[in-house]
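Worksheet: one structure, shown below.
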Amino acid sequence: MEEQQLIFTNHVAEALDNILAEIGPAKVFVLADVNTAGLVLPRLQAESKAAAEAETIIVKAGDMNKNLESLSLIWKQLGERGATRHALLVNLGGGVVTDMGAFAAATFKRGIKCVNIPTTLLGAVDAAVGGKTGINFNGLKNEIGAFSLATAVIISTTFFNTLPEQELLSGYAEMLKHGLISDKHIYDSLLKYRIAMADPQRLLELLEQSVKVKEDIVRRDPTEQGIRRALNLGHTIGHAFESLALERRSPIPHGYAVAWGLVVELVLSHMKMGFPADELRRFAGYVLENYGAFDFTCDDYPELLRFMSHDKKNETPDQINFTLLRNIGDLQIDCTATPEEITAALDIYRDLMKL
């Protein structure tokens with residue numbers, strides 16, 4: 001897999017025009033959801049000649065619309081509006097847009113180039129970087145997809161002033177995960193930073209630091225055969241929480257699910273790997289204060305376990321795979337836990353989160 005170009009700048013329009021001038025695509029398309037099309041696209045079009053001249057494709061917003069219907073719409077629009085194999089798709093939006101747009105680009109005419117411009121903190125730190133693309137299918141998160149790197153990712157904090165605090169917190173959970181798997185200095189600096197009072201330049205510095213943790217891991221293991229599974233910390237449980245919320249028809253932000261999943265998986269880390277109890281309590285307290293708690297009862301355990309059994313990291317449905325920590329920065333991939341251990345961890349989570 002080729003490396004993707006990562007550009008950290010708050011001069012997004014200039015960066016986009018320079019990239020497209022270098023690539024020289026036959027035709028440019030910009031994909032956005034209805035929210036980004038109203039809040040961000042006009043700003044980019046006013047400053048970028050390439051964006052102003054591009055064809056636009058608009059899809060519905062929200063994770064519930066990261067589905068086959070929306071993907072088909074993108075393919076259809078590309079085909080009907082003259083996209084050849086030498087076209088380029090700019091994915092302007094959060095993780096839903098970059099996941100789905102990059103997958104559409106990877107599969108249309110067996111692959112066209114794409115550039116990701118994440119407009120959310122979550123998209124910038126997670127979805128837009130690393131080459132994981134896809135859609136939800138059959139009630140399961142990211143069930144259909146492919147590894148395919150965007151040609152370039154333009155990472156900026158310039159559009160974050162359009163985001164509510166909940167969206168900033170959602171992205172920050174992935175940054176906290178990167179802190180947990182890297183080192184205590186990064187982790188401590190993240191716990192001390194007040195994301196609700198974000199300064200664009202300081203946040204861009206923290207974001208670059210966080211993305212480079214992920215970039216280093218992806219470079220070593222582009223298709224998740226080994227160490228890249230470290231990036232799944234918090235996600236086995238987190239995706240199960242998301243799937244349960246979708247089943248309830250009450251979706252939750254991905255980053256919130258990851259934050260709550262991190263608490264459960266740090267409980268498992270304490271149970272199985274000796275992760276320090278004081279760090280567990282510290283993190284759980286931070287999550288409770290900033291994210292609240294995902295509410296479920298023991299009656300939901302069988303359904304949560306069923307969702308976990310579908311996780312793509314599992315070797316078999318009855319062996320649920322986790323990345324766990326002995327301490328901050330000291331991780332172990334390919335750990336397994338029994339249903340009894342997982343339900344015990346869920347019990348402790350409910351105690352820690354005062355449910």
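The values are calculated or read from the model by the stated rules, or taken from the named source; none is laboratory data. Keep in mind it's a predicted model, so treat the numbers as computed, not measured. As a convention, Cβ positions derive from the backbone with ideal geometry for all residues, glycine included, and neighbour counts pool all protein chains shown. These accessible areas exclude ligands, DNA and RNA; they are computed on the full protein's heavy atoms, side chains included. Shrake-Rupley method; radii C 1.70, N 1.55, O 1.52, S 1.80 Å.
When Leu71 is tested against (1) of a type in the set (A, V, I, L, M, F, W, C); (2) part of a helix (DSSP H, G or I); (3) surrounded by 14 or more Cβ atoms within 10 Å (Cβ to Cβ); (4) modelled with pLDDT under 95, just one condition goes unmet, and that condition is (4).
Which residues, counting only those in the stretch 103-112, are under 11 Å from Ala83 (Cβ atoms) and among the basic types (Lys, Arg)? Within the stretch 103-112, just Lys109 meets the criteria. Close Cβ contacts (under 9 Å, 6 or more residues apart or on different chains) running from residues in the stretch 30-54 that are over 17 Å from Leu88 (Cα atoms) and among the small types (Gly, Ala, Ser) to residues that are modelled with pLDDT of 95 or more and assigned to a helix (DSSP H, G or I) comprise Ala46/Ala13; Ala46/Ala52.
Here the helices (runs of 4 or more DSSP H) wholly within the stretch 199-311 that include at least 2 residues being polar (S, T, N, Q) and under 29 Å from Ile154 (Cβ atoms) are 200-220.
For the condition in a helix (DSSP H, G or I), closer than 23 Å to Ala293 by Cβ, touching a residue at least 60 places away in the same chain (Cβ under 8 Å) and not hydroxyl-bearing (Ser, Thr, Tyr), Lys177 qualifies. Among the residues of the stretch 104-122, those that are over 23 Å from Glu22 (Cβ atoms) and in contact with a helix residue (DSSP H, G or I) (Cβ under 7 Å, 6 or more places away or on another chain) comprise Thr120, Leu121, Leu122.
Residue-wise test of (1) closer than 20 Å to Leu78 by Cα; (2) part of a helix (DSSP H, G or I); (3) in contact with a strand residue (DSSP E or B) (Cβ under 9 Å, 6 or more places away or on another chain); (4) open to solvent by less than 80 Å² (accessible area, probe 1.4 Å).
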site	(1), (2), (3), (4)
Asp17	no, yes, no, yes
Leu20	yes, yes, yes, yes
Val28	yes, no, yes, yes
Leu31	yes, no, yes, yes
Ala37	yes, yes, yes, yes
Pro42	no, yes, no, yes
Gln45	yes, yes, yes, yes
Ala51	yes, yes, yes, yes
Thr56	yes, no, yes, yes
